[in-house]
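Undergrad: Pasting in a structure now, in structure tokens, and then I'll have a few things to ask.
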Amino acid sequence: MPKLKVDGIEVEVPAGATVLQACEAAGKEIPRFCYHERLSIAGNCRMCLVEVKPGPPKPQASCALPAADNQEVLTQSPMVKKAREGVMEFLLINHPLDCPICDQGGECDLQDQSIAYGKGQSRFHENKRAVTDKYMGPIVKTTMTRCIQCTRCVRFAEEVSGVEEIGALYRGENMQITSYLEQAVTSELSGNVVDLCPVGALTSKPYAFEARPWELKKTPGIDVMDAVGTNIRFDSRGRQVLRVLPRINEDVNEEWASDKTRHAVDGLVRRRLDKPYVRKAGKLVEASWGEAFAAIKAVKAGASVAAVAGDQLDCETMYAAKALLASMGSGLLEGRQTGMDYDVSSIATVNFNSTIAGIETADAILLVGSNLRWEAPLINTRVRKAVKRGAKVFAIGEQVDLSYKVEWLGNDLGLLGALPQAVTDAFANAQRPALILGGGGLKAGAQGATLALVEKLGLIRDGWNGYNVVHLAAARMGGLMLGYGAKGGIADLVAAAPKLLFLLGADDVDLGRFDKSFKVYIGHHGDAGAAGADVVLPGAAYSEKPGTYVNTEGRVQRGDSAVFPPGDAREDWAILRALSDVLGHKLPFDSFDALRAAMAAEVPALGVEGLAGYGWSMPTLSAAASGPVAYPIKDFYLTNPIARASDTMQRCSAELIHGQSFAEAAE
């Protein structure tokens, strides 16, 4: 480990660290534009210049210079100050004075660093160059005259997302960044280049000209668009969430977020339920809360009551509904709306046991029925990292582009019983083998066949569990911990034929199978669930209520409410609490904190943030599986009611999935 001095402070850094990292370890701020700790080193911008002794008597780029023993680094010397002023002067030669109209204003690296390290005036008076804007699709807005060619976006596309559609044309002063043939970027992670861009060249198209950062209230939250549990920040003004940005969590999402996570938020203000409705003469008509509750009470259900949890539900709502049903004598709870049926007697066997961060270290991976790029884009980037480190990936399922090299074995689950020799050899030689069972495999009942491979492929070893399941819904793991998993799946509820059925934000249930049930929908969007209900009670979306969520690796996380629900809508638990009074089965909590405490008392793991521990035990299941895999997700951008209500997601679906073309204004 090299030891060196930075401005007289002695620091010791790991072998392979750069001088820039050594300076940061010493508490010194080094300006940079092209350097990013998650991307390869480019050394383009030269803003990170420092003076290093012994060495040539000139400033050196600290991002690309390895730290070595006995180096003496100066970050504040007159030579360094003059060099940085000169670099900044060069960067601003062609940069337009767009700050008053630029969406990056107020959170722009170029603004901050020009004030901190710039000279204050320029000696150049030549005309500024202009570059035509490039089309990059419905997510990224370009103003390429502002571009300083840091190439962060190019490196992100190549190294992280794996969709190499952004690159550079020409050289020197004529260099331009563009997408391939100026077409839309097809990556599900394209919005991250907006965060990476240190200037205003790439900004968010849906958010363009909406607000300044100092106008926004910032609230931490948890994403519910998939089961990864991306840590996010709601930026809201008044009663509307204007944008969602990722928060750094090295164990979950690093600092990335999918495009659906970022840009489905405009769906939060469209097609919303803001009043109760009751079906009269076959039509839903507006009603008061009292009328809606009276209609539910009129159903003499007794213990013949069931509840189906939707994909985006928080644990507190599920617990409140469970408590209400228990007080009525029923335990009919289910969360797998679309008919998936898998054993949940041991939650560890439906958990992502390697952990999201841990899958990076796997050296042999078998994907079973998973289009991982759509089911969990941020887990897909982790697998891509494993591939770059030398991991071999095999897959059973319909062939799709996962952005890394995959050896496709075929689209027949019968292969699980007779894996090719190449697969068994790779797993026999692996130190950290892993199997990932996706939505297609769960739907086809391949759980037993994959569990039969645990011992055969050596998936569980000291300090390593390589058996992983990727869920598609943010509410799934929390629901399973709370008992929302009947042995026979949704079929058990159909067979019970409940008189009263609660649909808790459940929009993907085949309501035709419950045609004799009185259906009460508690949710936030006028989607399929509300359209088929007899009573509609307006609830709160994930941005409008605090909640506990458990991601696919069993990590318990909590989010806060950023805004209030619209109109007469209320938080879901409060609706259930008020309804319990009317039904004569009063729930034993009057506040959200009391509810959360009661939930933690029943399921202690839900009371503590962090990875929940599940004891591994193997259920006795059939090891036979056969037939082709059908991936559950047909359109990445339209998987839930919020996304379906979003104009941005509709545009992404039309253009990126279905190939529809959109003319720009100048065309």
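The values are calculated or read from the model by the stated rules, or taken from the named source; none is laboratory data. Just so it is clear, the model here is predicted, and its values are computed rather than measured. Heads up, the Cβs are rebuilt from the backbone with ideal geometry, glycines too, and the neighbour counts pull from every protein chain shown. Surface areas here come from the heavy atoms of the whole protein model, side chains and all, with no ligands, DNA or RNA. Shrake-Rupley method; radii C 1.70, N 1.55, O 1.52, S 1.80 Å.
Undergrad: Which one of Ala506, Ala446 is crowded, with 24+ Cβ neighbours inside 10 Å and modelled with pLDDT under 90?
TA: Details: Ala506 fails: modelled with pLDDT under 90.
The conditions single out Ala446.
Undergrad: Restricting attention to region 472-487, report how many residues are assigned to a helix (DSSP H, G or I), open to solvent by less than 10 Å² (accessible area, probe 1.4 Å) and of a type in the set (A, V, I, L, M). Spell out how you get there, then give the answer.
TA: Start the filter on region 472-487 by keeping residues that are assigned to a helix (DSSP H, G or I), which leaves 476-481.
Still in the list and also open to solvent by less than 10 Å² (accessible area, probe 1.4 Å): 477-479.
Cutting the leftovers down to of a type in the set (A, V, I, L, M) gives us 477.
Matching residues across region 472-487 total 1.
Undergrad: Another question, if that's okay. Please report, ordered by residue number, the helices (runs of 4 or more DSSP H) entirely within region 562-667 with at least 3 residues that are closer than 22 Å to Ser204 by Cα. Please lay out each step first, then the result.
TA: On the way: elements: 572-583, 592-602, 641-645, 647-652.
Hits in region 562-667: 641-645, 647-652.
Undergrad: Look at region 201-236 and say how many of its residues are open to solvent by less than 30 Å² (accessible area, probe 1.4 Å) and not small (Gly, Ala, Ser). Can you show your working first?
TA: Here is the first cut: in region 201-236, the ones open to solvent by less than 30 Å² (accessible area, probe 1.4 Å) are 201-204, 207-208, 211, 213, 216, 219, 221-232, 234-236.
In the following step, the residues that additionally are not small (Gly, Ala, Ser) were identified as 202-203, 207, 213, 216, 219, 222-226, 228, 230-232, 234-235.
Residues that pass the stated criteria total 17.
Undergrad: Could I ask something else about it? Of all residues being open to solvent by 90 Å² or more (accessible area, probe 1.4 Å) and either of a type in the set (Asp, Glu) or assigned to a loop (DSSP other than H, G, I, E, B) (or both) in region 70-82, which is modelled with the lowest pLDDT? Just the residue, please. Explain how you work it out, then say what you get.
TA: Step one: filter region 70-82 for residues open to solvent by 90 Å² or more (accessible area, probe 1.4 Å), giving 70, 76, 78, 81-82.
Going one step further and asking which of them are either of a type in the set (Asp, Glu) or assigned to a loop (DSSP other than H, G, I, E, B) (or both), we end up with 70, 76.
On the way: Asn70: 86, Gln76: 91.
For region 70-82, the residue satisfying everything is Asn70.
Undergrad: Taking Val131 and the conditions (1) within 25 Å of Lys385 (Cα to Cα); (2) of a type in the set (Val, Ile, Thr); (3) surrounded by fewer than 22 Cβ atoms within 10 Å (Cβ to Cβ), which numbered condition does it fall short on, given that it satisfies the others?
TA: (1)
Undergrad: Looking at Ile657, Ile575, which is the one that is modelled with pLDDT of 95 or more and farther than 30 Å from Ala452 by Cα? Write out each step before concluding.
TA: Working: Ile657 fails: modelled with pLDDT of 95 or more.
None of the others qualify; the one that does is Ile575.
Undergrad: Which one is nearest to Phe352 (Cα to Cα), of the residues in region 204-238 that are touching a helix residue (DSSP H, G or I) at 6+ places or on another chain (Cβ under 6 Å) and hydroxyl-bearing (Ser, Thr, Tyr)?
TA: Thr230
Undergrad: Okay, moving on. Looking at region 21-41, is at least one residue in contact with a helix residue (DSSP H, G or I) (Cβ under 8 Å, 6 or more places away or on another chain), over 28 Å from Phe156 (Cβ atoms) and either acidic (Asp, Glu) or open to solvent by less than 70 Å² (accessible area, probe 1.4 Å) (or both)?
TA: Among the residues of region 21-41, not one is in contact with a helix residue (DSSP H, G or I) (Cβ under 8 Å, 6 or more places away or on another chain), over 28 Å from Phe156 (Cβ atoms) and either acidic (Asp, Glu) or open to solvent by less than 70 Å² (accessible area, probe 1.4 Å) (or both), which makes the answer no.
Undergrad: Next question, about the same structure. Of all residues being assigned to a strand (DSSP E or B) and buried (at least 24 other Cβ atoms within 10 Å of the Cβ) in region 538-555, which is farthest from the chain's Cα centre (by Cα)? Just the residue, please. Before you say what the answer is, go through the steps one by one.
TA: Of region 538-555, the ones assigned to a strand (DSSP E or B) are 538, 547-550, 555.
If we keep only those that are buried (at least 24 other Cβ atoms within 10 Å of the Cβ) as well, we get 538, 547, 549-550.
Values: Pro538: 26, Gly547: 17, Tyr549: 13, Val550: 13 Å.
Ranking the candidates gives Pro538 first.
Undergrad: Specify which of the listed residues (Ala292, Ala298, Ala281) is among the small types (Gly, Ala, Ser) and either touching a residue at least 12 places away in the same chain (Cβ under 8 Å) or buried (at least 17 other Cβ atoms within 10 Å of the Cβ) (or both).
TA: Just a single option satisfies the conditions, and that option is Ala292.
Undergrad: Do we have any residue at all in region 276-292 that's more than 24 Å from Val224 (Cα to Cα), in contact with a Lys or Arg (Cβ under 6 Å, 6 or more places away or on another chain) and of a type in the set (A, V, I, L, M, F, W, C)? Lay out the reasoning, then the answer.
TA: To start, the set of residues in region 276-292 that are more than 24 Å from Val224 (Cα to Cα) comprises 276-292.
Adding the requirement that they be in contact with a Lys or Arg (Cβ under 6 Å, 6 or more places away or on another chain) leaves 286.
Add one more test, that the residue is of a type in the set (A, V, I, L, M, F, W, C), and what stays is none.
No, because not a single residue in region 276-292 is more than 24 Å from Val224 (Cα to Cα), in contact with a Lys or Arg (Cβ under 6 Å, 6 or more places away or on another chain) and of a type in the set (A, V, I, L, M, F, W, C).
Undergrad: Between a first residue in region 322-341 that is more than 10 Å from Val305 (Cα to Cα) and of a type in the set (A, V, I, L, M) and a second residue that is open to solvent by 50 Å² or more (accessible area, probe 1.4 Å) and in a helix (DSSP H, G or I), which pairs have beta carbons less than 9 Å apart while being 6 or more apart in sequence or on different chains?
TA: So the pair list comes out as Ala323/Glu602; Met340/Lys443.
Undergrad: I've got another one for you. Quick one: which of Leu65, Leu4 is more than 28 Å from Ser122 (Cβ to Cβ) and buried (at least 22 other Cβ atoms within 10 Å of the Cβ)? Before you say what the answer is, go through the steps one by one.
TA: Details: Leu65 fails: buried (at least 22 other Cβ atoms within 10 Å of the Cβ).
That would be Leu4, the only listed residue that is more than 28 Å from Ser122 (Cβ to Cβ) and buried (at least 22 other Cβ atoms within 10 Å of the Cβ).
Undergrad: Mind listing just one residue for me: the one in region 400-449 that is within 26 Å of the chain's Cα centre (by Cα) and in a helix (DSSP H, G or I) and, of those, farthest from Ile347 (Cα to Cα)?
TA: Step by step, filter region 400-449, then rank; the result is Gly440.
Undergrad: Go through (1) among the aliphatic types (A, V, I, L, M); (2) surrounded by 15 or more Cβ atoms within 10 Å (Cβ to Cβ); (3) over 21 Å from Ala533 (Cβ atoms) and name the single condition Leu273 misses.
TA: Among (1) among the aliphatic types (A, V, I, L, M); (2) surrounded by 15 or more Cβ atoms within 10 Å (Cβ to Cβ); (3) over 21 Å from Ala533 (Cβ atoms), the lone unmet condition for Leu273 is (3).
Undergrad: Still on this structure: When only residues in region 237-264 that are surrounded by fewer than 24 Cβ atoms within 10 Å (Cβ to Cβ) and polar (S, T, N, Q) count, which is farthest from the chain's Cα centre (by Cα)?
TA: Gln240
Undergrad: Sticking with this structure for a sec: Could you please find all residues in region 83-108 being surrounded by 19 or more Cβ atoms within 10 Å (Cβ to Cβ) and within 30 Å of the chain's Cα centre (by Cα)?
TA: Within region 83-108, Cys102, Asp103, Gln104, Cys108 qualify.
Undergrad: For region 599-648, enumerate the residues that are among the aliphatic types (A, V, I, L, M), over 24 Å from Leu367 (Cβ atoms) and either free of Cβ contacts under 8 Å to residues at least 40 places away in the same chain or open to solvent by less than 30 Å² (accessible area, probe 1.4 Å) (or both).
TA: Residues of region 599-648 that are among the aliphatic types (A, V, I, L, M), as a first pass: 599-601, 603, 605-606, 608, 611-612, 618, 621, 623-625, 629-630, 633, 638, 642-643, 645.
Imposing the further condition that a residue be over 24 Å from Leu367 (Cβ atoms) reduces the set to 599-601, 603, 605-606, 608, 612, 642-643, 645.
Correct list: Met599, Ala600, Ala601, Val603, Leu606, Ala612, Ile642, Ala643, Ala645.
Undergrad: Let me ask you something else. If you scan region 561-598, which residues turn out to be of a type in the set (D, E, K, R) and surrounded by fewer than 20 Cβ atoms within 10 Å (Cβ to Cβ)?
TA: Going residue by residue through region 561-598, those that are of a type in the set (D, E, K, R) are 568, 570-572, 577, 581, 586, 590, 593, 596.
Result: Asp568, Asp581, Lys586, Asp590, Asp593.
Matching residues to (1) touching a strand residue (DSSP E or B) at 6+ places or on another chain (Cβ under 8 Å); (2) aromatic (Phe, Trp, Tyr); (3) closer than 30 Å to Ser646 by Cβ; (4) without any contact (Cβ under 8 Å) to a residue 12 or more places away in the chain:
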{"residue": "Arg46", "(1), (2), (3), (4)": "yes, no, no, no"}
{"residue": "Glu51", "(1), (2), (3), (4)": "yes, no, no, no"}
{"residue": "Pro56", "(1), (2), (3), (4)": "no, no, no, yes"}
{"residue": "Leu65", "(1), (2), (3), (4)": "yes, no, no, no"}
{"residue": "Asp69", "(1), (2), (3), (4)": "yes, no, no, no"}
{"residue": "Ser114", "(1), (2), (3), (4)": "no, no, no, no"}
{"residue": "Ile148", "(1), (2), (3), (4)": "no, no, no, no"}
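Undergrad: Among the residues of region 350-403, count how many are buried (at least 24 other Cβ atoms within 10 Å of the Cβ) and of a type in the set (D, E, K, R).
TA: The number of residues fulfilling the criteria is 2.
Undergrad: In region 454-471, what residues are among the aliphatic types (A, V, I, L, M) and buried (at least 23 other Cβ atoms within 10 Å of the Cβ)?
TA: Of the residues in region 454-471, the ones among the aliphatic types (A, V, I, L, M) are 454, 457, 459-460, 469-470.
Answer for region 454-471, where residues must be among the aliphatic types (A, V, I, L, M) and buried (at least 23 other Cβ atoms within 10 Å of the Cβ): Leu457, Leu459, Val469, Val470.
Undergrad: How many of the residues making up region 205-229 are under 29 Å from Ile177 (Cα atoms) and either part of a loop (DSSP other than H, G, I, E, B) or modelled with pLDDT of 95 or more (or both)?
TA: Residues of region 205-229 under 29 Å from Ile177 (Cα atoms): 205-213.
Still in the running and either part of a loop (DSSP other than H, G, I, E, B) or modelled with pLDDT of 95 or more (or both): 205-212.
Residues that pass the stated criteria total 8.
Undergrad: Let me confirm something: among Val494, Val520, which residue is open to solvent by 10 Å² or more (accessible area, probe 1.4 Å) and not aromatic (Phe, Trp, Tyr)? Before you say what the answer is, go through the steps one by one.
TA: On the way: Val520 fails: open to solvent by 10 Å² or more (accessible area, probe 1.4 Å).
Residue meeting the stated conditions: Val494.
Undergrad: Another question, if that's okay. When residues of region 155-173 are filtered for being without any contact (Cβ under 8 Å) to a residue 40 or more places away in the chain, assigned to a helix (DSSP H, G or I) and over 18 Å from Thr132 (Cβ atoms), how many remain? Let's see the steps before the verdict.
TA: Filtering region 155-173 down to residues without any contact (Cβ under 8 Å) to a residue 40 or more places away in the chain leaves 157-158, 164-172.
Filter once more, so that each one left must be assigned to a helix (DSSP H, G or I): 157-158, 172.
Now narrow it down to the ones that are over 18 Å from Thr132 (Cβ atoms): 157-158.
Within region 155-173, residues that are without any contact (Cβ under 8 Å) to a residue 40 or more places away in the chain, assigned to a helix (DSSP H, G or I) and over 18 Å from Thr132 (Cβ atoms) number 2.
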